[in-house]
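See structure below.
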Amino acid sequence: MEAYTDIREAVAKLCAGFPGAYWRALDREMAYPTAFVNALTESGYLSVLIPEAYGGSGLPLSAAAAILEEVQRAGCNGGACHAQMYTMGTLLRHGSEAQKAEYLPALAEGRLRLQAFGVTEPTSGTDTGSLKTTARLEGDHYVVNGQKIWTSRAEHSDLMLLLARTSPRTEGMKRTDGLSVLLVDMREARGNGLTIRPIRTMMNHATTEVFFDDLRVPAQNLIGAEGKGFRYILSGMNAERILIAAECIGDAKWFIEKARIYAGERSVFGRPIGANQGVQFPIAKAYANMRAAELMVREALALYEGGANPGAEANMAKMLAADASFEAANACIQTHGGFGFAEEYDIERKFRETRLYQVAPISTNLILAYLSEHVLGLPRSY
């Protein structure tokens with residue numbers, strides 16, 4: 001698999017212009033990193049998956065993974081914009097030619113942002129088949145009613161990929177049948193049936209809850225066939241998990257490097273604290289686990305790019321990488337002692353950010369349940 005050395009070096013150089021002070025200031029105000037996202041957009045990094053015919057780079061998912069890994073490794077936060085990469089697959093694979101011609105060039109040029117992914121609901125969580133948001137076809141429009149939660153970046157996106165129920169559940173019907181994907185133009189929708197309410201969280205993630213009240217969406221904005229939406233977003237979900245796994249690898253590398261440097265420089269009792277095995281070993285173990293998770297990410301990428309739908313590998317990559325980043329974060333804080341909690345070191349900020357990925361976009365327990373049933377053949381537990 002290509003290393004994308006040139007891309008990695010260029011991303012690192014761009015990120016150097018957004019040091020810790022930039023992110024700390026945003027974190028205090030819970031503000032969106034507009035300048036950073038604009039810089040990534042203008043450099044073409046958010047359009048790497050868009051085919052060249054539509055103005056993008058036409059690169060595979062591994063290129064996107066390399067970009068996001070380097071963003072995190074540099075101490076920045078790709079969570080501000082990563083959704084544009086993993087939602088792209090649904091539009092690329094299942095959108096009509098008219099839809100791709102209308103939206104992809106604008107996304108590639110940065111005139112539009114596709115950052116919002118409306119799937120999770122307050123009452124269903126990861127039980128996607130039980131979602132209650134409905135889209136009823138009336139003439140040439142769908143009328144949408146319902147609510148989504150944890151819809152990150154909704155306030156900073158022009159478009160949203162929305163999963164809604166277009167056919168009511170009936171006896172004998174698969175839970176995930178009857179769901180459809182709509183591309184919602186939020187510029188037109190706000191104030192016309194769409195309400196966005198920010199949710200303040202422990203990390204600066206620009207997340208929201210979204211309310212739909214008779215929102216009218218043109219029928220031509222249906223992606224693919226009606227009722228087949230769940231399978232359309234599955235490939236996007238696998239891409240999401242792989243890309244977030246790559247981000248976690250970047251986080252782990254950042255924590256390990258911070259801990260390594262500090263352990264070599266900080267001197268107590270007349271010698272560097274890194275000379276003590278009690279300090280060395282947690283860092284070394286975090287490094288070993290990061291490398292193991294990194295190999296799983298590469299395996300998932302190789303399968304995805306080979307045309308497979310690697311649910312098990314994408315889930316394992318996300319789980320192992322999230323575990324590795326959280327282990328590295330703990331080791332980094334412990335190595336720094338009290339300074340690990342000081343804002344100026346950026347460790348506590350990055351600690352809060354990487355903690356999210358134990359829970360989102362899917363919790364560790366749900367991944368283990370998936371592996372138990374679909375890989376190991378154990379009885380379904382949920």
Check: Of everything in the range 123-170 that's small (Gly, Ala, Ser) and open to solvent by 10 Å² or more (accessible area, probe 1.4 Å), which residue is farthest from the chain's Cα centre (by Cα)?
Finding: GLY139
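Condition check ((1) part of a helix (DSSP H, G or I); (2) over 16 Å from CYS81 (Cα atoms); (3) open to solvent by less than 30 Å² (accessible area, probe 1.4 Å); (4) in contact (Cβ under 8 Å) with a residue 40 or more places away in the chain) across all residues:
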| site | (1), (2), (3), (4) |
| --- | --- |
| LEU215 | no, yes, yes, yes |
| ASN238 | yes, yes, yes, yes |
| ILE242 | yes, no, yes, yes |
| ALA245 | yes, no, yes, yes |
| TRP254 | yes, yes, yes, yes |
| LYS258 | yes, yes, no, yes |
| ILE261 | yes, yes, no, no |
Next item on the list: Within the range 121-134, identify whether any single residue is closer than 30 Å to ALA39 by Cα, in contact (Cβ under 8 Å) with a residue 12 or more places away in the chain and in a loop (DSSP other than H, G, I, E, B), and answer yes or no.
Entry: no
Next item on the list: Collect the residues in the range 161-191 that are more than 23 Å from GLY89 (Cβ to Cβ), of a type outside the set (A, V, I, L, M) and assigned to a loop (DSSP other than H, G, I, E, B), keeping them in residue-number order.
Entry: SER167, PRO168, ARG169, THR170, GLU171, GLY172, GLY191
Notebook entry, point to check: Which residues, counting only those in the range 291-344, are part of a helix (DSSP H, G or I) and either on the phi > 0 side of the Ramachandran plot or among the acidic types (Asp, Glu) (or both)?
Noted result: GLU294, GLU299, GLU305, GLU313, ASP323, GLU327, GLY337, GLU343, GLU344
Note to self: Conditions first: (1) touching an Asp or Glu at 6+ places or on another chain (Cβ under 7 Å); (2) open to solvent by 10 Å² or more (accessible area, probe 1.4 Å); (3) not charged (D, E, K, R). MET202 passes all but one, so which condition is the exception?
What the structure shows: (1)
Note to self: Which condition from (1) open to solvent by less than 30 Å² (accessible area, probe 1.4 Å); (2) more than 22 Å from ASN315 (Cα to Cα); (3) in contact with a strand residue (DSSP E or B) (Cβ under 7 Å, 6 or more places away or on another chain) is the one that ILE233 breaks?
What the structure shows: (2)
Item checked: Condition broken by GLU209, with the remaining ones in (1) touching a strand residue (DSSP E or B) at 6+ places or on another chain (Cβ under 6 Å); (2) surrounded by fewer than 23 Cβ atoms within 10 Å (Cβ to Cβ); (3) within 28 Å of ALA108 (Cβ to Cβ) satisfied -> (3)
Check: Out of the residues in the range 98-120 that are assigned to a loop (DSSP other than H, G, I, E, B) and closer than 28 Å to ALA39 by Cβ, which is least open to solvent (accessible area, probe 1.4 Å)?
Finding: LEU112
Notebook entry, point to check: open to solvent by 10 Å² or more (accessible area, probe 1.4 Å), under 21 Å from ARG190 (Cβ atoms) and touching a residue at least 12 places away in the same chain (Cβ under 8 Å) - does that describe any residue in the range 88-97?
Noted result: no
Margin query: One residue is enough: does the range 72-86 have a residue meeting the conditions open to solvent by less than 20 Å² (accessible area, probe 1.4 Å), closer than 20 Å to GLY110 by Cβ, touching a strand residue (DSSP E or B) at 6+ places or on another chain (Cβ under 6 Å) and among the hydroxyl-bearing types (Ser, Thr, Tyr)?
Written below: no
Note to self: Against the conditions (1) over 19 Å from the mean Cα position of the chain (by Cα); (2) surrounded by fewer than 22 Cβ atoms within 10 Å (Cβ to Cβ), where does ARG355 fall short? Just the number, please.
What the structure shows: (1)
Note to self: Between PHE18, PHE36, which is among the aromatic types (Phe, Trp, Tyr) and under 18 Å from the mean Cα position of the chain (by Cα)?
What the structure shows: PHE36
Checklist line | Residue under evaluation LEU91, criteria (1) part of a strand (DSSP E or B); (2) over 26 Å from MET202 (Cβ atoms), criterion not met | finding: (1)
Next item on the list: Evaluate the following for ILE283: is it in contact (Cβ under 8 Å) with a residue 12 or more places away in the chain, assigned to a helix (DSSP H, G or I) and closer than 25 Å to TRP150 by Cα?
Entry: no
Margin query: Six or more apart or on different chains, Cβ atoms under 7 Å: show the pairs whose first residue is in the range 18-43 and within 17 Å of ASP346 (Cβ to Cβ) and whose second is part of a helix (DSSP H, G or I) and open to solvent by 20 Å² or more (accessible area, probe 1.4 Å).
Written below: ARG24/GLU343; PRO33/LEU26
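The values are calculated or read from the model by the stated rules, or taken from the named source; none is laboratory data. What you see is a predicted model; the values in this text were computed from it and never measured. Ideal geometry is used to build each Cβ from the backbone, glycine not excepted, and the neighbour counts take in all protein chains shown. Ligands, DNA and RNA are excluded from the accessible area calculation, which covers all protein heavy atoms including side chains. Shrake-Rupley method; radii C 1.70, N 1.55, O 1.52, S 1.80 Å.
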